[in-house]
Amino acid sequence: MNIITQNPFRVLGLTGNSSERELQKQIGIIKRYAEIGKSKTLDYDFEFMGNFSRTLDDIKQAASNIEQAQKKLHYSLFWFVKNNQFDEIALNNLKDQNIEKAIEIWNKTLKEEVSNKNYSSYLNLSTLYIALSTLDGQLDFQSLQAGIDLKGNLIHSDNIKDFSKLVTGNGLAIDSADISKKFIEEIIELLKPYLNKNNGISTNELISLFNSYPKNIQKYLSGKFTEVPISNIENKIDKTLTKRKENPRDAEEYGEELFKTTKTDIKLLKKLLGKNNVQFQMIANKLANEIMQCAIDYFNIHREDDEDIDPGEDALRIAKYALSIGPTGQIKQRIEENIAPIQEWIDIKEEREKRKLIKADIEFIYEQLYLLNETDYIDDNILKQRNKSPFGNIIYNINLKKADKFITKCYPRLKKIYKQIGSEAEISLQLSSAVVNSTLELLIDKINNFQERISLSSEFSRLSIIFDFKIIIGTSVELIHIMTSLAVFDYLKVRLQTNKDIIWKIAYQLDIPTVSRREKKQQELQKERNVLTDMINKQFLHNEIHQANSKMKSIMKRELFRSKETRQKQIIEQQTIINKLIKKSEQEKASRIRQQKEKITKIGKELKKLE
């Protein structure tokens, strides 16, 4: 029901402050007309306000609605009263549909404050403005705002008591806040056909109509619209939290769903309450925190346990959803702090992808380092040799064998790692340095032990020990070559160079070459390439062919007593021999070249293994 167009006082054709006697008399007159199916036109029908119903049931309902003093006060708030001559003149103009004149009369009586002389003008003019604001289904914001402001001035003035006494006659206990709330509820009902519709009024605009009202009333009004969205958001947060804890692997889906399904509600709350409102900040923080937790849980579980899913981009997207809600204080700080490691994870994606390719190599080297440090390497062959040795010195080869096998296993893995992420990458330097340092420790320990043994040995055993020592130094030279080809930290480069100088000095004293196996293999390769070049330029069976050609020259000479036919026959036979030799030469050359190329290829492969 439109509380103005179908107001009980309009149905009964009376003002809001009509006496009980006037009321009963009017009801009797209207009923008699209604009983015979007729409708009587009354002074306060105000047809310009639009159509209304005045059936017998309407009359009974109208009379019932204003039977109690509280209800009479409520409905009169949305109608007109006649309290003085200004009201009488203005109402007469309304009867004649002189609306502008009536407005002019009431406006002249308004002052800066409501008084006992003009409070009825505030009431009447506000009712008129509100009635005019919804004529013909069109919403007039200016009239609506004016009507609500004027009504608020009256309700929140001391003269609301005078108005109550005027209408009810007995001075009811007045609660301005309660009257305001009921007035607001009726305005909301009045504006429902226009609320959030095209050419209508938005919820936020409706709330702003009451900006002149006390803060507690504004809060009550906003609560009429915020209670449902807040409840919706909180329920969805609780459901998301439960699902996230049960299955964090899908937390990204839950976070996105929570963000999208609460988007409308949180935007509405922001408009209604404002971003600085404490209530809005609390619900926004709660929502943003749960969305962020979805991002965190999803990121953590897939980063640690799942190689097939890269959680970075999805987690960051959900985290940005959380930030877009507009959290404040510690929640905002928490989100920003957790975005940082997710962004870092994304930034190093390329390096991480490369590491995936070398994960097995990294794990292999770590395993070798562990085995090297945690177990004693003993080779069965070495033990057999040691047991047979009359000098018992083969035991010292254990560490060297351990070092050689260790670095030989790790070297190709390190080279593969270099190829993927570069030799100067932190993990490359860490692994290489660990391998080199461990190998060097074994090497130094081995050489020191042997030097001590030599110094303590007798002349009888010294030659045998020195022979073994030369083997050790030769192997050490090769290991040093391998170690110096690896990328290590600067401090280790210095240590490695120092020990290299010592070993090279010993090698020189023992007349041991310091060329690496790689260099030897390179020299061997170059030598065989030179051989190939010589083969290509060489004529095989050169002497045989030369002799055959010389003989051909002799045959070609004329001789006495040799017929022409004989000479020609000898030339043909000799040419056949030459052709066979040339063919054999070419076949031999092709075969030798093919064999040489195979040899070069084999050496090249061996060299590649050493790189």
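Since every read-out is calculated from the coordinates, none of them should be taken as a lab result. The shown structure was predicted, so the numbers you read here are calculated from the model rather than taken from an experiment. Glycine gets a Cβ as well: all are built from the backbone with ideal geometry, and neighbour counts include every protein chain shown.
A few comments on the model shown:
- Inter-label distance, nm, simple model (7 Å from Cα along the C-beta direction), T328/I571: 11.9 nm
- Separation in nanometres of the label points that stand 7 Å from Cα toward Cβ, at N98 and E337: 7.5 nm
- Residues with amide H under 5 Å from that of L195, placed H, sequence gap 5 or more: I201
- Residues in the stretch 7-13 carry Karplus couplings, in order, of 4, x, 5, 5, 4, 8, x Hz; the curve used is 6.51 cos²θ - 1.76 cosθ + 1.60 with θ = phi - 60°, and Gly or Pro positions show x.
- Helix-only arithmetic for the chain: the sum of -39500 (n - 2.57) across DSSP H runs with n ≥ 4, divided by the residue total, places the mean residue ellipticity at 222 nm at -25000 deg cm²/dmol.
- Relative contact order for the chain: 7 percent, from Cα pairs under 8 Å spaced at least 6 residues apart, divided by residue count.
- Filtered trypsin sites (Lys or Arg not before Pro), the stretch 106-157: DSSP coil and at most 15 other beta carbons within 10 Å: K111, K117
- Anisotropy class assigned to the stretch 519-610 is prolate, per the alpha carbon gyration tensor with a/c at or over the 1.5 cut-off and a/b larger than b/c.
- Cross-link reach list, aspartates and glutamates versus K580, counting only Cα pairs under 20 Å and skipping chain neighbours closer than eight places: E544, E588
- Percentage relative contact order, the stretch 221-347, counting C-alpha pairs under 8 Å, at least six apart: 27 percent
- Difference of contour (0.36 nm per residue) and Cα-Cα distance, L135 to S457: 103.7 nm
- Global geometry of the stretch 221-347, whether rounded, prolate or oblate, following the gyration tensor of its Cα atoms and the 1.5 cut on a/c: prolate
- Hits among aspartates and glutamates - C-alpha to C-alpha of K117 under 20 Å, sequence gap 8 or more where chains match: D87, E88, E104, D149, D158, D162
- Using a Förster distance of 51 Å, the FRET efficiency for F561-K415 (Cβ separation, nearest 0.05): 0.05
- Using a simple spin-label model with pseudo-atoms 7 Å out from Cα toward Cβ, I346 and I36 lie 8.4 nm apart.
- You can think of it this way: the chain between Q70 and K584 has 171.8 nm of extra reach, that is 0.36 nm per residue less the Cα-Cα gap.
- Exposure proxy ranking for D45, D297, based on other Cβ atoms within 10 angstrom of each Cβ and starting from the fewest, stands as D45, D297.
- Across the cross-link table entries K500/K527; K401/K505; K520/K608, which are compared at the Cα atoms, the separations over 24 Å belong to K500/K527.
- Charge dipole magnitude, Cβ of K and R +1, D and E -1 - the chain, Cα centre, debye nearest 20: 4540 debye
- Set of the stretch 98-117 residues, backbone N closer than 16 Å to the point 7 Å along the Cα-Cβ line of D43: 98
- What the Cβ-Cβ distance of N537 and T498 gives, at R0 = 35 Å and to the nearest 0.05, is a FRET efficiency of 0.10.
- The phi torsions of the stretch 511-521, fed into the Karplus equation with coefficients 6.51, -1.76 and 1.60 and a -60° offset, translate into couplings of 6, 9, x, 9, 6, 7, 4, 5, 5, 4, 5 Hz, rounded to whole numbers, with Gly and Pro shown as x.
- Listed by Cβ neighbour count within 10 Å, with the fewest neighbours leading, D238, D136 appear as D136, D238.
- The convex hull around the C-alpha trace of the stretch 8-212, projected and averaged over every direction, spans 11.3 square nanometres.
- Magnitude of the charge dipole for the stretch 221-347, about its Cα centre and with charges confined to Cβ atoms of Lys, Arg (+1) and Asp, Glu (-1), is about 1220 debye.
- A Förster radius of 45 Å, combined with the Cβ-Cβ distance separating M552 from K527, puts the computed FRET efficiency at roughly 0.75.
- Least to most buried among R517, R594 (fewest other Cβ within 10 Å first): R594, R517
- Gyration tensor (alpha-carbon) shape descriptor, the chain, a/c threshold 1.5: prolate
- The orientation-averaged projected area of the convex hull spanned by the Cα atoms of the stretch 452-530 comes to 6.9 nm².
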